[in-house]
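Novice: Take this structure first; my questions come after.
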Amino acid sequence: MSPNILLLSIHHQYANMIFEGDKQVELRRVRPRHLHNGDLILVYVTSPEQALVGVIEVEKVIEMSPADLWMVVKRKAGITYEDFHQYYKNSKTGFAIFLKKTFSFDCPIGLEQLRKEWSDFRPPQCYHYLKERELKIIQSMAEKDILSLSEKPKFYQSELALRS
């Protein structure tokens, strides 16, 4: 199965830590469905940058109570216990996306350019899976074959028909 590609908004300070290698886990209160080893996250950095900056390959996603999750991620999440506790306040479940590899775009793709090429682009509040048309737009702007960044095998409809 080809990798799923998730568009995710990440606060600029955490995105910087991810691409510098100081943060190896992205924390979420809502689990992105269909996100597994080898899938890709397209990173949209929030204000003040407001740009697509790169891609992350997913290692795994885990789900635990916040108390148990902290014990697993405290050295990898790039967040203090106080901030972690506040983030998961009143949550019974927390999710951690472990990051395998990061790939920065040569030039970030700013919000204005995104909306020019992708007229209905909206930075996701939670997350958004890219459709084929959207992926093609991003690949064109980034001048990068995003699917090639995943180690997950790629199958296209024509190949799947031949395997049947």
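The values are calculated or read from the model by the stated rules, or taken from the named source; none is laboratory data. For clarity, every value in this text was computed on a predicted model and none was experimentally measured. Cβ coordinates were reconstructed from backbone atoms using ideal geometry, including for glycine residues, and neighbour counts include every protein chain displayed.
Novice: Scan region 45-59 and tell me whether some residue there is within 14 Å of residue 10 (Cβ to Cβ) and charged (D, E, K, R).
Specialist: Yes, region 45-59 contains at least one residue that is within 14 Å of residue 10 (Cβ to Cβ) and charged (D, E, K, R).
Novice: Residues of region 95-121 being of a type in the set (Asp, Glu) and assigned to a strand (DSSP E or B), which ones?
Specialist: Of everything in region 95-121, just one residue is of a type in the set (Asp, Glu) and assigned to a strand (DSSP E or B), namely 106.
Novice: From the set of residues in region 77-109 that are touching a residue at least 40 places away in the same chain (Cβ under 8 Å) and charged (D, E, K, R), which is surrounded by the fewest Cβ atoms within 10 Å (Cβ to Cβ)?
Specialist: 101
Novice: Does residue 34 satisfy the criteria of being in contact (Cβ under 8 Å) with a residue 60 or more places away in the chain and surrounded by fewer than 20 Cβ atoms within 10 Å (Cβ to Cβ)?
Specialist: Details: in contact (Cβ under 8 Å) with a residue 60 or more places away in the chain: yes; surrounded by fewer than 20 Cβ atoms within 10 Å (Cβ to Cβ): yes.
Yes.
Novice: Among the strands (runs of 3 or more DSSP E) lying completely within region 12-88, list those that include at least 2 residues that are touching a Gly at 6+ places or on another chain (Cβ under 7 Å) and closer than 27 Å to residue 146 by Cα.
Specialist: The strands (runs of 3 or more DSSP E) meeting that bar are 51-64.
Novice: Sticking with this structure for a sec: Before we move on, is residue 22 of a type in the set (Asp, Glu) and over 15 Å from residue 96 (Cα atoms)?
Specialist: Spelling it out, residue 22 is indeed of a type in the set (Asp, Glu) and over 15 Å from residue 96 (Cα atoms).
Novice: With (1) out of contact with any helix residue (DSSP H, G or I) (no Cβ under 9 Å at 6 or more places or on another chain); (2) outside any strand (DSSP E or B); (3) not hydroxyl-bearing (Ser, Thr, Tyr) as the list, and residue 92 as the residue in question, which single condition is left unmet?
Specialist: (1)
Novice: Oh, and also: Kindly provide the set of residues from region 99-121 that are touching a strand residue (DSSP E or B) at 6+ places or on another chain (Cβ under 9 Å), among the charged types (D, E, K, R) and within 19 Å of residue 133 (Cα to Cα), ordered by number.
Specialist: 117
Novice: Considering 23, 74, which residue is of a type in the set (D, E, K, R), touching a helix residue (DSSP H, G or I) at 6+ places or on another chain (Cβ under 9 Å) and buried (at least 17 other Cβ atoms within 10 Å of the Cβ)?
Specialist: Going through 23, 74 in turn, the sole match is 23.
Novice: Same structure again: Of the residues 42, 69, 35, only one is more than 19 Å from residue 121 (Cα to Cα) and under 12 Å from the mean Cα position of the chain (by Cα); which?
Specialist: Answer to the selection: 35.
Novice: Another question, then. Look through region 38-71, keep the residues that are among the polar types (S, T, N, Q) and either touching a Ser or Thr at 6+ places or on another chain (Cβ under 9 Å) or modelled with pLDDT under 95 (or both), and return whichever of them is surrounded by the fewest Cβ atoms within 10 Å (Cβ to Cβ).
Specialist: Top of the filtered list is 47.
Novice: Can you tell me how many residues within region 9-20 are of a type outside the set (S, T, N, Q), in contact (Cβ under 8 Å) with a residue 60 or more places away in the chain and surrounded by fewer than 21 Cβ atoms within 10 Å (Cβ to Cβ)?
Specialist: Total satisfying the criteria: 3.
Novice: Kindly indicate which of 143, 117 is at pLDDT 90 or above and loosely packed, with under 11 Cβ neighbours inside 10 Å.
Specialist: Details: 117 fails: loosely packed, with under 11 Cβ neighbours inside 10 Å.
From the options 143, 117, the qualifying one is 143.
Novice: Considering only residues that are touching a strand residue (DSSP E or B) at 6+ places or on another chain (Cβ under 8 Å) and of a type in the set (Lys, Arg), look in region 25-37 and name the one that is modelled with the lowest pLDDT.
Specialist: Ranking the qualifying residues of region 25-37, first place goes to 31.
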